[in-house]
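The structure appears right after this line, and notes come after that.
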Amino acid sequence: MTDRPTDSPGAPAPILYAHRHLLGIEGLSVPEITSLLDLADSYVEQNRQADKKRSLLRGRTVINLFFENSTRTRTSFELAGKRLGADVINMSVTTSSIKKGETLIDTAMTLNAMHPDVLVVRHPDSGAVNLLSQKVDGAVINAGDGSHEHPTQALLDALTIRRRRGRLAGLLVAICGDLLHSRVARSNIHLLTTMGARVRVIAPPTLMPGAIERMGVEAFTDMRQGLQGCDIVMMLRLQTERMQGSFVPSIREYFRFYGLDYDKLGAAKPDALIMHPGPMNRGAEIDSEVADDIDRSVIREQVEMGVAVRMACLDALTRQSTSNSPLGAS
Amino acid sequence: MTTGSKSAKQTMRPVAFVNARLLDPASGLDSPGGLLTEDGRILDLGPQLTADGLPEGAEVVDCAGQCLAPGLVDIRVQLREPGEEHKETIATGSAAAAAGGVTSMVCLPNTDPVIDDVAGVEFIARRARETKRAKIYCYGAVTKRLAGKDLVEMGLLAESGALAFTDGLVAVSDARVMRRALSYASAFDLLILQHPEEPRLTEGGAMNAGELATRLGLSGIPRAAEVMMIERDLHLVAMTGGRYHAAHVSTATAIEAIRAAKRQGLRVTCDTAPPYFALNEVAVGDYRTFAKLSPPLRSEEDREAVAAAVADGTIDCIASDHAPHDQESKRVPFAHAAAGGAGLETLLPVTLELYHKGEAQLLDLLARMTVAPADLLRLPQGRLAKGAPADLVLFDLEAPARIDADRLRGKSKNSPFDGRPVQGRVLRTVVDGRTVFAAEE
């Protein structure tokens, strides 16, 4: 699958990531991103061995704090933490719409008092994870905040692409679908443009964020035009509740013009890779056969890379805190 | 620099402010001189008035050459009383006003209960009498419970003291209701103030639409929402002959629409608030909820247009748009944070920036905060004139200071200007001849 040399796991390569938290991709440098991807690469190999467990994070506590339902991302973080030997606790907080904010700060303060080393946080509101990170002593990983960022998703997408194509720079990547509400899209745009890829975004105007070109991308409302010559096609999940006449007239119409099928895919390069952050709405944003095309679709590989990337992030952030100071003084 | 201020409160003996730089936008006066007050009114003023030849027993305040101007008339504040006294009260808001040189202020009716009946207006009037640090007035709601449907008893409310009518933070969005409000109010020549935003375009929005909103993943409020509502209203004003005022104008296109309407001779005025000429959307930065305002902070281009319109008079008034909020309302994710900033104590120094930067004349800026709002609401104050109420602010035009939100006198500290270096400092505030605030040395 890959001919990339991998570092031997355990011999800690110098990690150039120098932030206390991982709140987003925006602002990260090329060496920082490369360093995280290199580290993740080493964990891919480890995860394919029979004995997957290591003791790097023994004695460390990771709390997965999810204010929004997610099975995949939570499981991926949970596995990542456990494979590194950390104690992992999952907390799901269902929020009433009125008291959301209060719950957030209160929960942050409460958990902080238990001295977790890493808090992995997902929240339905943009900026909520930044806010929470200001109230805690440990490291915070953003596992998705509103429509803002989902940095580990962008890293796992980048790792998937890099392992398949050997590079990111110079590739032409199309991101298609509900850009307006997508944190995955924003993180990917930041990462890919930083790493020298060219990015196109494709969506109906009602799902296209304003002034998106200012983020260094080319915007298309015609999918075939947008896909022309692309190396990578990233599909985004469309929330079905947004397709009942509010943003687009119907699922049927959306699929006709913006769903990825072989016909539209024909505009991309013949070997273009198909990606999707999951979970997929087959027949809405992606045709079932395309999604399962073993020659083109790397969707399951993305899931695999997810665990490795999250191990790398946990590793990088806990090395930070070791070299810095003891855990939160009360 | 000041003398004998301690006794001013108890007695109503004459007070002479001497050695001042008199600034009166109403008459265009800007000259050294003195001002004499007695029984709460201005008895005399002018260059001839010096420490010599004052009435027997007059208290003398040596102004040391500092600026003496009419006290500020702030036509848009929320004092949160009744209903949200944990955020502000008439007493704490008045303390903030006094410290900011504001001697008169007009509260929005968005209290709990809403000021939509005579009892509500009388409640504010009674509390205002008990609070002697600033003159407090109120607007009546345009529609009952601010629901946008049924008109309040405008005539009766006006008789009991409501200065004008507005639905506060929400637009009167139904065109038919607005038409009737303007039309009915014209019988009494009453003013309607609009929160100019098309609500269907604003709903769910957290900040100005554009690149930054896209980056932050926040839902945007398009600039067009403002001008759309104003242009609709201008047609209704033309139909009805009503008096109309657009509150806190924030966009270049809205200003252009108002400029054109004024040229046509419509009875239209507008105001803005310091954030709209001193800040732009970049202040939101990394989800700073203190910079979440309504309308939202706009682009730099809009900020420049607002500043220019303040200077040239297209924008008639500057109001603080004082919107105190407690921590619980602001320390939440941006989309859920309450909109608005505390503004009473920063109104003067932030506005003076336009003078210090050479973008506006000093007397023009003062006019927007004194005589213009007073005339708009037909109040006798806001000017230095014989017989006018002795509402005054003495300020140091040049003194450097840094805005420190923690040191604000109001109950809530949510200033979008925290940490901002400014020039200009209130030294003394006088209401009806009584000193209600004197700066510590």
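Is it the case, given these coordinates, that A:Thr194 is under 20 Å from A:Asn142 (Cβ atoms) and more than 12 Å from chain B (Cβ to nearest Cβ)? For A:Thr194, the condition - under 20 Å from A:Asn142 (Cβ atoms) and more than 12 Å from chain B (Cβ to nearest Cβ) - is met.
Checked against the criteria, B:His336 does not count as surrounded by 22 or more Cβ atoms within 10 Å (Cβ to Cβ) and within 14 Å of chain A (Cβ to nearest Cβ). Within segment A:122-157, being on the phi < 0 side of the Ramachandran plot and within 9 Å of the chain's Cα centre (by Cα) holds for A:Ala143, A:Glu149, A:His150, A:Pro151, A:Thr152, A:Gln153, A:Ala154, A:Leu155, A:Leu156, A:Asp157.
Count, please, the residues in segment B:315-333 that happen to be among the small types (Gly, Ala, Ser) and within 14 Å of chain A (Cβ to nearest Cβ). Going through segment B:315-333 one residue at a time, the tally reaches 1. Taking segment B:357-389 as the range and being outside any helix (DSSP H, G or I) and among the charged types (D, E, K, R) as the test, the residues that pass are B:Lys357, B:Glu359, B:Arg378, B:Arg383, B:Lys386. All conditions but one from (1) more than 18 Å from B:Ala342 (Cβ to Cβ); (2) part of a loop (DSSP other than H, G, I, E, B) apply to B:Pro296; the one that does not is (1). Candidates are the residues of segment A:104-152 that are among the polar types (S, T, N, Q), in a helix (DSSP H, G or I) and within 14 Å of chain B (Cβ to nearest Cβ); the one that is farthest from A:Met234 (Cα to Cα) is A:Thr107. Of all the residues in segment A:251-302, those that are part of a helix (DSSP H, G or I) and of a type in the set (D, E, K, R) number 8. Among the residues making up segment A:265-284, those that are at pLDDT 95 or above and in contact with a strand residue (DSSP E or B) (Cβ under 9 Å, 6 or more places away or on another chain) are A:Leu265, A:Ala268, A:Lys269, A:Ala272, A:Leu273, A:Ile274, A:Met275, A:His276, A:Pro277. Apart from one condition, B:Thr131 fits all of (1) of a type outside the set (D, E, K, R); (2) within 23 Å of B:Ser294 (Cβ to Cβ); (3) more than 16 Å from the chain's Cα centre (by Cα); the exception is (2). Of all positions in segment A:123-137, none carries a residue that is modelled with pLDDT of 90 or more, basic (Lys, Arg) and touching an Asp or Glu at 6+ places or on another chain (Cβ under 9 Å). What number goes with the only condition from (1) touching a Gly at 6+ places or on another chain (Cβ under 7 Å); (2) without any contact (Cβ under 8 Å) to a residue 12 or more places away in the chain that B:Gly33 does not pass? The failed condition is (2).
Do we have any residue at all in segment B:296-303 that's within 23 Å of B:Ala224 (Cα to Cα), surrounded by fewer than 23 Cβ atoms within 10 Å (Cβ to Cβ), within 14 Å of another protein chain (Cβ to nearest Cβ) and of a type in the set (S, T, N, Q)? For segment B:296-303, residues within 23 Å of B:Ala224 (Cα to Cα), surrounded by fewer than 23 Cβ atoms within 10 Å (Cβ to Cβ), within 14 Å of another protein chain (Cβ to nearest Cβ) and of a type in the set (S, T, N, Q): present. Residue count for segment B:261-282 under the criterion of being surrounded by 19 or more Cβ atoms within 10 Å (Cβ to Cβ) and assigned to a helix (DSSP H, G or I): the result is 7.
If you take the residues in segment B:214-260 that are among the charged types (D, E, K, R) and either away from chain A (no Cβ under 14 Å) or free of Cβ contacts under 8 Å to residues at least 12 places away in the same chain (or both), which one is surrounded by the most Cβ atoms within 10 Å (Cβ to Cβ)? The extreme case among them is B:Glu226.
Of A:Gly24, A:Gly81, all but one fail to be within 14 Å of chain B (Cβ to nearest Cβ), crowded, with 21+ Cβ neighbours inside 10 Å and under 21 Å from the mean Cα position of the chain (by Cα); the exception is A:Gly24.
Evaluated against (1) within 14 Å of chain A (Cβ to nearest Cβ); (2) touching a residue at least 60 places away in the same chain (Cβ under 8 Å); (3) assigned to a helix (DSSP H, G or I), B:Leu354 falls short on exactly one condition, (1).
The values are calculated or read from the model by the stated rules, or taken from the named source; none is laboratory data. Given the structure is predicted, the values throughout are model-derived calculations rather than measurements. Backbone-built Cβ (ideal geometry, glycine too); neighbour counts: all protein chains shown.
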